[in-house]
Amino acid sequence: MNNKVLIFDDDKDILEVCSIVLKTNGFTVAVQNNCEGILQRLDHHRPDVVLMDNKIPPLGGIPACQTIRSSLVHAAQQPAERAGCLRPPDAAY
């Protein structure tokens, strides 16, 4: 298993504990202490899973997730060569 997890949390203790647990279980982990430039960070790390704090600065977790979702919908409407690594959201989501 080499699944990638990207964690957004402004609490360094939570980032550390989550990183230890996930790395111990074979995950590759990247952490961020804010959600500025979230789309660029997703493109850079290309995670399989994102864990998001609900009160992450400066936007907050819900608006940050909405930004991600919006970019995925937009990417799904683009030709495949322009969509890059972004996968369209699952229809059942």
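The values are calculated or read from the model by the stated rules, or taken from the named source; none is laboratory data. For clarity, every value in this text was computed on a predicted model and none was experimentally measured. FYI the Cβ positions are ideal-geometry reconstructions off the backbone, even for glycines, and counts take in every protein chain you see.
Results, tabulated for the structure shown:
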| quantity | calculated |
| --- | --- |
| Segment 1-14 residues that are over 16 Å from Gly60 (Cα atoms) and in contact (Cβ under 8 Å) with a residue 40 or more places away in the chain, paired with ones that are among the hydrophobic types (A, V, I, L, M, F, W, C) and not in a strand (DSSP E or B) (beta carbon under 6 Å, 6 or more apart) | Asn3/Phe27; Val5/Leu22; Val5/Phe27 |
| In segment 22-43, residue surrounded by the fewest Cβ atoms within 10 Å (Cβ to Cβ) [restricted to those that are of a type in the set (D, E, K, R) and within 12 Å of Phe8 (Cβ to Cβ)] | Glu36 |
| Total residues in segment 23-76, condition closer than 24 Å to Asn2 by Cα, part of a helix (DSSP H, G or I) and of a type in the set (S, T, N, Q) | 2 |
| Enumeration of residues in segment 33-83 that are modelled with pLDDT of 85 or more and among the small types (Gly, Ala, Ser) | Gly37, Gly60, Gly61, Ala64, Ser70 |
| Residue within segment 9-25 that is hydrophobic (A, V, I, L, M, F, W, C) and in contact with a Pro (Cβ under 9 Å, 6 or more places away or on another chain) present | no |
| Complete set of residues in segment 6-39 that are in contact with a strand residue (DSSP E or B) (Cβ under 7 Å, 6 or more places away or on another chain) and of a type outside the set (S, T, N, Q) | Leu6, Ile7, Phe8, Leu15, Cys18, Leu22, Lys23, Phe27, Val29, Ala30, Val31, Cys35 |
